[in-house]
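The values are calculated or read from the model by the stated rules, or taken from the named source; none is laboratory data. Bear in mind the structure is a predicted one, so any value in this text is a computation, not a measurement. Note that each Cβ is placed from the backbone with ideal geometry, even for glycine, and that neighbours are counted across all protein chains shown.
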């Protein structure tokens, strides 16, 4: 870095070099910078290469937000004369922490020089940057080995922080790993390694925008308002519900599981699983239950339950909605859906199963002994409840 500065200082006045840098920071091309400072385009381009090699983004406003070359000269003079950080900060109108960070980032071998600091800062601000996993071979090999062992990016990042607490070059964020996997232009990790992730997706699915879920279900009642006595599963008649989705998200089956007995009912949705199709099908299935088993129903905040109030009117069952991304609030239903995948593997079209077939699957599941029930079957437990 110092040799670059020395070469530029021999060939150009420092104020000319500073003007060139200001042009680059303002997003100008080498030809525009050369015209301003009175040099050929190729000469200005050599200045650009010496300053980091990449032109910063156009339209980036650096005025006031970042230290200027003049301010860095003031810092250099102040340090050379033995002034304190606070005194320097007062003189140039900056916070002491700004001066402290500048010295920590841009000092070379304990010495601070304004010209070297300006080049270093400009290089860091330049875009695009090469990905860390593309430039650090040792780190990339370690991340690839961990991915091959099916560790998640978050687990890899956390483990590296633990193993290399004093080596920042051997640390990387989980998001950087995801970016390197899914953005191949970064030239870091091979896309085939996405198969080692839990989802195995070759493409990254964008998350919903903030507020997108808001008001999809009118007047919904949160699960925290459900009566407290339901939590221990001792009281019968309280259900958890959800959908299992078929191939290409084009079909679904509704699932209902009673909390105290694990008794399961399946709801056919041959015409689709939009709100106007789910509500009547769900109500018809719940109406098959005796009144004593129509207590409450917990569901997630899926849009298919938009017409939940109609279900409540038709059946008399109270409906509560779980928090977003909280499947443990319907833990029995989630476990049952996993068992149902033995009968309906992922990728299976579900629209072709009629109610008789679904009832047969539910009957087989309800005749399966469960450890939680001390190896009684759901049929036996629900039968005892109905005999009370």
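Say we look at region 219-232 and pick out the residues that are part of a loop (DSSP other than H, G, I, E, B) and either in contact with a helix residue (DSSP H, G or I) (Cβ under 8 Å, 6 or more places away or on another chain) or exposed (fewer than 10 other Cβ atoms within 10 Å of the Cβ) (or both); which of these is modelled with the lowest pLDDT? First the steps, then the outcome.
Within region 219-232, the subset part of a loop (DSSP other than H, G, I, E, B) is 219-221, 226-227, 231-232.
Those still in the list that are either in contact with a helix residue (DSSP H, G or I) (Cβ under 8 Å, 6 or more places away or on another chain) or exposed (fewer than 10 other Cβ atoms within 10 Å of the Cβ) (or both) too: 219-220, 232.
Details: 219: 89, 220: 88, 232: 83.
The selected residue is 232.
Among the helices (runs of 4 or more DSSP H) confined wholly to region 293-388, which include 2 or more residues that are under 25 Å from residue 273 (Cα atoms)? Please lay out each step first, then the result.
Working: elements: 308-315, 331-340, 355-366, 378-387.
Counting at least 2 such residues, we get 308-315, 331-340, 355-366.
So residue 239 ticks every box in (1) in the same structural domain as residue 380 (by TED's automatic domain parsing); (2) at pLDDT below 95 but one. Which box is left unticked?
In the conditions (1) in the same structural domain as residue 380 (by TED's automatic domain parsing); (2) at pLDDT below 95, residue 239 misses (2) alone.
Pick out the one residue from 203, 189, 197 that is within 19 Å of residue 148 (Cα to Cα) and at pLDDT below 65. I'd like the intermediate steps shown before the answer.
Working: 189 fails: at pLDDT below 65; 197 fails: at pLDDT below 65.
After applying the criteria, what remains is 203.
Inside region 17-97, counting only helices (runs of 4 or more DSSP H) that do not spill past its ends, which hold 3 or more residues that are at pLDDT below 85?
On the way: elements: 30-37, 41-50, 69-80, 85-92.
In region 17-97, 30-37, 41-50 are the helices (runs of 4 or more DSSP H) which contain 3 or more residues that are at pLDDT below 85.
Criterion first (part of a helix (DSSP H, G or I), more than 20 Å from the chain's Cα centre (by Cα) and under 30 Å from residue 76 (Cβ atoms)) does residue 117 satisfy it? Walk me through how you get there before you give the answer.
Numbers: part of a helix (DSSP H, G or I): yes; more than 20 Å from the chain's Cα centre (by Cα): yes; under 30 Å from residue 76 (Cβ atoms): yes.
Judged against the criteria, residue 117 is a match.
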